[in-house]
1. How charged is the neighbourhood of P77? Take every other residue with its Cβ under 15 Å from the Cβ of P77, and add Lys/Arg as +1 and Asp/Glu as -1.
2. Label-point separation (nm) for K44 and E74, each offset 7 Å from Cα along Cα-to-Cβ?
3. Please give the calculated 222 nm ellipticity per residue for the chain, where each DSSP H segment of at least 4 residues contributes -39500 (n - 2.57) and the sum is spread over every residue; nearest 500 deg cm²/dmol?
4. Once the other residues with Cβ under 15 Å from the Cβ of L39 are scored (Lys, Arg +1; Asp, Glu -1), what is the net sum?
5. Carbon and sulfur atoms: what percent of the 1.4 Å accessible area of the stretch 54-112 do they account for?
6. Per the 1.4 Å probe, what fraction of the accessible area of the stretch 5-51, in percent, lies on carbon and sulfur atoms?
7. Rounded to the nearest 0.05, what FRET efficiency do Q90 and K20 give with R0 = 30 Å and r taken as the Cβ-Cβ distance? Could you check?
8. Would you mind giving the three semi-axes, in whole Å and largest first, of the ellipsoid equivalent to the stretch 5-56 according to its Cα gyration tensor?
Amino acid sequence: MEIYKVHTLLRRLGANATYKGFFLTAAAVWLCTTKQSSLLLVTKDLYPKVAQMYGTNWRAVERNIRTVSALAWEKNPALLQRLAGTALAQRPNASYFLAILSVSLLDGSAGL
């Protein structure tokens with residue numbers, strides 16, 4: 001999976017590169033597309049890997065992903081729900097948001 005596809009999807013959801021979480025989220029989604037089992041251990045495996053890549057801690061990674069998820073929920077909830085394949089009653093948490101994005105990129109439902 002090319003990282004530019006992840007960036008394109010995040011921009012379609014309403015996030016852009018001015019958000020610090022944009023790149024953290026993109027890296028996390030990209031890692032999930034390369035190793036899907038990362039979604040099973042987000043706080044023990046995925047967030048620490050992303051944190052190491054960007055010189056921060058795993059809590060900051062999770063917080064920034066939550067921010068991007070909230071932004072997507074606010075700016076383009078219709079696309080987010082289409083990618084999820086189901087109606088969402090509330091904003092997805094960080095790990096579910098990553099799962100929605102990575103699976104949609106892998107199965108082609110993101111339309112990129």
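1. Cβ neighbours under 15 Å give a net charge of +3.
2. Those two pseudo-labels are separated by 3.4 nm.
3. Result for the chain, helices only: -20500 deg cm²/dmol.
4. So the environment of L39 carries a net charge of 0.
5. 47
6. Carbon and sulfur together cover 59 percent of it.
7. The calculated FRET efficiency here is 0.80.
8. Square roots of five times the eigenvalues give 19, 13, 7 Å.
The values are calculated or read from the model by the stated rules, or taken from the named source; none is laboratory data. What you see is a predicted model; the values in this text were computed from it and never measured. Note: ideal-geometry Cβ built from the backbone for every residue, glycine included; neighbour counts use all protein chains shown. Surface areas here come from the heavy atoms of the whole protein model, side chains and all, with no ligands, DNA or RNA. Shrake-Rupley method; radii C 1.70, N 1.55, O 1.52, S 1.80 Å.
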